[in-house]
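The values are calculated or read from the model by the stated rules, or taken from the named source; none is laboratory data. Quantities reported herein were computed from a predicted structural model and do not represent experimental measurements. So basically every Cβ, Gly included, is an ideal-geometry build from the backbone, and we count neighbours across all protein chains shown. Areas reflect the complete protein model, heavy atoms only, side chains present, ligands, DNA and RNA absent. Shrake-Rupley method; radii C 1.70, N 1.55, O 1.52, S 1.80 Å.
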Amino acid sequence: PLFLALFLGVLQIGIGMQNYNAMRSISADVARFTAITYQQGTKPTDPAIESYALDVAEAPPYGLRSGKLTIEADTVASTQFTGAKEITLTIEYNVPSFLGFVGISEIPLTYTRPIFVMP
């Protein structure tokens, strides 16, 4: 039982790392989308950015479960750079666990990234 628990624990860590890397890649895709739409003259709202991020997260290759996923895009009132608009993208995901028999339920992950665009 101990060996099985350790083996499954290593597998669970690998799944968690894959999910964290997916969150990082999703944030890069969303930042790219936001920058391109701003360049084209369209200024997406925070809810539009959140909706796009959710669509990207649920689709292949990421395939995150929407019921375990929370995405927030918030425009920052005072930006770090003069003349730029800063949007903070926060992605939270509860990694499903198959280690319930040893008392480990879902594993929460959070990734936050600033997105800078020129309005």
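Relative to the Cα centre, the charge distribution of the chain, modelled as +1 at Lys and Arg Cβ and -1 at Asp and Glu Cβ, gives a dipole magnitude of about 220 debye. Cα axis of helix 2-39 to longest principal axis of the chain: angle in degrees, 0 to 90, nearest 10? It is inclined by approximately 10 degrees. Counted without the sites themselves, the longest stretch of the chain free of chymotrypsin sites (Phe, Trp or Tyr not before Pro) in a DSSP loop having at most 13 other beta carbon atoms within 10 Å is 1-80.
Other residues within the sphere of radius under 9 Å centred on the Cβ of P96, judged by their own Cβ, net out at +1 (K and R +1, D and E -1). Full extension of the segment from Q40 to S78, taken as 0.36 nm per residue of separation minus the current Cα-Cα distance, would add 11.3 nm. The accessible surface of the chain, taken with every protein chain in place and a 1.4 Å probe, is 61 percent carbon and sulfur. Local charge for P108 was computed over the other residues whose Cβ lies under 12 Å away, with Lys and Arg +1 and Asp and Glu -1, and equals -1. Dividing the convex hull volume of the alpha carbon atoms of region 27-97 by its residue count gives 100 Å³ per residue. Rg of the Cα atoms in the chain, relative to 2.2 N^0.38 Å, amounts to 1.27.
Rounded to the nearest 10 degrees, the angle from helix 46-58 to the longest Cα principal axis of the chain is 40 degrees. Taking a ≥ b ≥ c as the square roots of the eigenvalues of the Cα gyration tensor, region 63-105 is prolate, since a/c reaches 1.5 or more and a/b is larger than b/c.
Computed with a 1.4 Å probe over protein heavy atoms only, the accessible surface of the chain comes to 59 Å² per residue.
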